[in-house]
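To start, the structure itself, in structure tokens.
The values are calculated or read from the model by the stated rules, or taken from the named source; none is laboratory data. Here the structure is a predicted model, which is why all the values come from computation and not from measurement. Using ideal geometry, Cβ is built from the backbone for each residue, glycine included, and neighbour counts are taken over all protein chains shown.
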Amino acid sequence: MELGEGMLPATQRAIVFPARGRAEVRDVPVPRFFGENGSWNVVLRPLAVGRCPSDTASCEEEFPPGFRLPSATQAVVPGHEQVVEVVGASEAARRAGIEVGGWYVYDINIGCGEPDCYACSVQKRPGIDCSKGTLFQGIGAANETWVLRQTGLRHVPGSYVYDPVGRRGGIMVGRHTQLHRVDRSRLRDEGDLAVLTQADGLACAYTAIRGVAKLHAWEEGYRPALFLIGGGGRIAYWLAEAALAERGPDGVDLFLADVDADRLALTAARLGLPRGNTYLVDANNPDAFCAAEIRRGLPNLEAGRSFNLVLDAAGHKYVGAAATNRMFREKVLDRNGTYITTAHGGIPGLDVAAFEVVFANQRFSGALSPHRYIPRAVAHLQANLPRYAPHMVITHREIDDSLAQKVRTAGKDPDIGRGANTYIALWHRNPNSSPPEGRL
Ligand SMILES: [Zn+2]
Ligand SMILES: [Zn+2]
């Protein structure tokens with residue numbers, strides 16, 4: 001269909017965050033801020049949505065900085081890791097190659113795109129670099145003014161929307177520039193579809209590995225050592241996969257640390273790592289991250305060797321400023337190494353307002369944006385579907401209160417990081433139609 005309101009229902013079911021720390025299911029108006037001539041020019045139906053701690057950070061007002069609940073103008077609808085079907089597109093979107101009926105990964109990191117923004121209009125680096133503050137669709141916006149001007153909304157709804165009559169995903173409005181095509185013919189089943197929701201998580205890992213650590217630029221034959229803290233969880237798992245994709249299995253040494261023995265063992269098995277590369281952390285030990293304890297925990301770490309890259313995907317949980325500082329001082333991190341945290345607010349006690357600090361040659365940095373790596377992530381996931389599909393756990397096929405509470409607590413849910421499993425809500429199936437030839 002072309003863009004038009006005719007076929008859209010008045011309301012749909014959605015998960016909403018009505019106040020800080022609360023989530024519930026409501027009937028909300030179907031968004032209608034799309035326009036034939038504006039930049040919000042595609043109408044989308046989510047097929048599958050991945051659960052992510054960033055949803056929790058939004059519900060807790062931890063991210064983006066300055067984001068506050070409730071939104072004065074409309075309900076805040078989360079959901080930001082999705083594969084969508086395009087159900088309506090403006091003429092400009094269709095001219096740009098967007099196909100109605102096509103399946104796409106949708107990138108929620110949106111810049112203003114306005115002519116007075118150097119990052120968006122000249123550098124063509126929208127997303128994290130937008131001078132007006134990035135909009136994270138489905139999460140929030142640090143600076144809501146331009147979002148309000150463009151859409152009449154302070155929050156642009158995400159993908160936890162559901163059509164209870166058609167028993168399928170509801171309606172999302174987006175921008176055609178954010179769509180990355182999925183090769184549908186490669187998908188064997190719904191597990192494969194679920195894998196593609198992880199494009200955002202893997203792209204963030206590429207930002208850390210390629211963009212911040214510049215691991216791809218290291219000379220041939222050099223074998224960097226990576227230390228993944230929170231290594232049993234999903235984010236660390238994708239960081240490991242991004243490093244392996246860049247360096248190959250013989251081009252990098254991976255070491256994992258985690259407080260949960262089960263998920264540590266499961267993730268190590270998935271990555272093919274021997275036991276001597278995994279460190280089970282005692283969260284009550286104040287010296288858990290001193291050099292001597294880490295070496296004791298990792299017998300396969302050669303004497304005298306330090307880590308070229310520390311990726312801390314547990315920062316705000318059991319690694320505080322003291323532990324981080326100690327890893328710098330005691331040269332657990334190499335003298336020229338990089339320490340990257342994925343904690344939304346940095347690490348409590350480390351004052352890094354600009355999210356990057358240099359101690360001598362050691363760098364401290366954050367990495368939470370997919371930047372420009374979504375196409376690379378989609379290509380990698382599509383090429384490795386059988387490797388990732390077994391990790392996908394499809395938990396819900398419609399929106400109900402149990403899903404709302406799971407989304408609210410994703411970052412604290414004990415099973416979210418269980419062995420790098422990935423939890424997906426999936427509702428692409430119209431129960432009345434059978435997929436052709438076993439394909440979706
Ligand atoms: Zn996410
Ligand atoms: Zn901009």
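When Pro46, Pro9, Pro31 are checked against the criterion of being modelled with pLDDT of 95 or more and within 24 Å of Pro164 (Cβ to Cβ), Pro46 stands alone in meeting it. Among residues of segment 281-308 that are acidic (Asp, Glu), those with a Cβ under 8 angstrom from a residue that is not in a loop (DSSP other than H, G, I, E, B), sequence gap 6+ or separate chain, pair up as Asp287/Glu293.
Scanning segment 37-58 for residues that are farther than 15 Å from Ala199 by Cα and not in a helix (DSSP H, G or I) yields a count of 9.
Restricting the search to helices (runs of 4 or more DSSP H) fully inside segment 143-245 and requiring at least 2 residues that are touching a residue at least 40 places away in the same chain (Cβ under 8 Å), out of contact with any strand residue (DSSP E or B) (no Cβ under 7 Å at 6 or more places or on another chain) and more than 20 Å from Tyr339 (Cβ to Cβ) gives 145-151, 199-206. With respect to Pro78, is the statement that it is of a type outside the set (A, V, I, L, M, F, W, C), within 16 Å of ligand 2 (Cβ to nearest atom) and part of a loop (DSSP other than H, G, I, E, B) true? No; evaluated as a whole, the condition is false for this residue. Val16 fulfils the conditions (1) farther than 22 Å from Asp200 by Cα; (2) in contact (Cβ under 8 Å) with a residue 60 or more places away in the chain except for a single criterion, (1).
Pull up segment 114-124, narrow it to residues that are surrounded by fewer than 21 Cβ atoms within 10 Å (Cβ to Cβ) and either of a type outside the set (Asp, Glu) or within 21 Å of Tyr373 (Cα to Cα) (or both), then point me to the one that is nearest to ligand 1 (Cβ to nearest atom).
If we take residues in segment 114-124 being surrounded by fewer than 21 Cβ atoms within 10 Å (Cβ to Cβ) and either of a type outside the set (Asp, Glu) or within 21 Å of Tyr373 (Cα to Cα) (or both), then Ala119 is nearest to ligand 1 (Cβ to nearest atom).
Residues that are within 16 Å of ligand 2 (Cβ to nearest atom), modelled with pLDDT under 90, of a type outside the set (Lys, Arg) and in contact with a strand residue (DSSP E or B) (Cβ under 9 Å, 6 or more places away or on another chain): does segment 53-62 have at least one? No; the residues of segment 53-62 include none that is within 16 Å of ligand 2 (Cβ to nearest atom), modelled with pLDDT under 90, of a type outside the set (Lys, Arg) and in contact with a strand residue (DSSP E or B) (Cβ under 9 Å, 6 or more places away or on another chain).
Those helices (runs of 4 or more DSSP H) of segment 311-414 in which at least 1 residues are modelled with pLDDT of 90 or more, considering only elements entirely within it, cover 321-329, 374-383, 385-388, 401-408.
For Leu187, the criteria (1) under 20 Å from the mean Cα position of the chain (by Cα); (2) more than 20 Å from Val42 (Cβ to Cβ) hold in every case but one, which is (1). Being more than 26 Å from Leu202 (Cβ to Cβ), surrounded by fewer than 20 Cβ atoms within 10 Å (Cβ to Cβ) and touching a Phe, Trp or Tyr at 6+ places or on another chain (Cβ under 9 Å), is that true of even one residue in segment 252-259? Taking every residue of segment 252-259 in turn, none turns out to be more than 26 Å from Leu202 (Cβ to Cβ), surrounded by fewer than 20 Cβ atoms within 10 Å (Cβ to Cβ) and touching a Phe, Trp or Tyr at 6+ places or on another chain (Cβ under 9 Å).
Quick check on Ser58: is it small (Gly, Ala, Ser) and buried (at least 17 other Cβ atoms within 10 Å of the Cβ)? Against the criterion (small (Gly, Ala, Ser) and buried (at least 17 other Cβ atoms within 10 Å of the Cβ)), Ser58 qualifies. For Arg51, the stated conditions hold: it is among the basic types (Lys, Arg) and more than 13 Å from His176 (Cβ to Cβ).
Is it the case that segment 102-113 has a residue that's within 16 Å of ligand 1 (Cβ to nearest atom), touching a Lys or Arg at 6+ places or on another chain (Cβ under 8 Å) and closer than 14 Å to Trp40 by Cα? Yes, segment 102-113 contains a residue that is within 16 Å of ligand 1 (Cβ to nearest atom), touching a Lys or Arg at 6+ places or on another chain (Cβ under 8 Å) and closer than 14 Å to Trp40 by Cα. Within the bounds of segment 119-129, is there any residue that is away from ligand 2 (no atom under 11 Å from the Cβ) and outside any loop (DSSP other than H, G, I, E, B)? Scanning segment 119-129 turns up no residue that is away from ligand 2 (no atom under 11 Å from the Cβ) and outside any loop (DSSP other than H, G, I, E, B).
When you look at Thr73, is it among the polar types (S, T, N, Q) and assigned to a loop (DSSP other than H, G, I, E, B), yes or no? Here the answer is yes, as Thr73 does meet what is asked. Determine whether Trp103 is over 18 Å from the mean Cα position of the chain (by Cα), within 16 Å of ligand 2 (Cβ to nearest atom) and either among the aromatic types (Phe, Trp, Tyr) or under 19 Å from Arg408 (Cβ atoms) (or both). No; evaluated as a whole, the condition is false for this residue.
Could you please let me know if Gly133 is in a loop (DSSP other than H, G, I, E, B) and under 16 Å from Arg154 (Cβ atoms)? When the stated conditions are applied, Gly133 passes them.
Of the residues making up segment 87-101, not a single one is buried (at least 22 other Cβ atoms within 10 Å of the Cβ), in contact (Cβ under 8 Å) with a residue 60 or more places away in the chain and within 16 Å of ligand 1 (Cβ to nearest atom). Checked against (1) in a helix (DSSP H, G or I); (2) of a type outside the set (Ser, Thr, Tyr); (3) assigned by TED's automatic domain parsing to the domain that holds Glu60, Cys112 passes all but condition (1).
Of all residues in segment 261-291, those being farther than 15 Å from Phe227 by Cβ and small (Gly, Ala, Ser) number 5.
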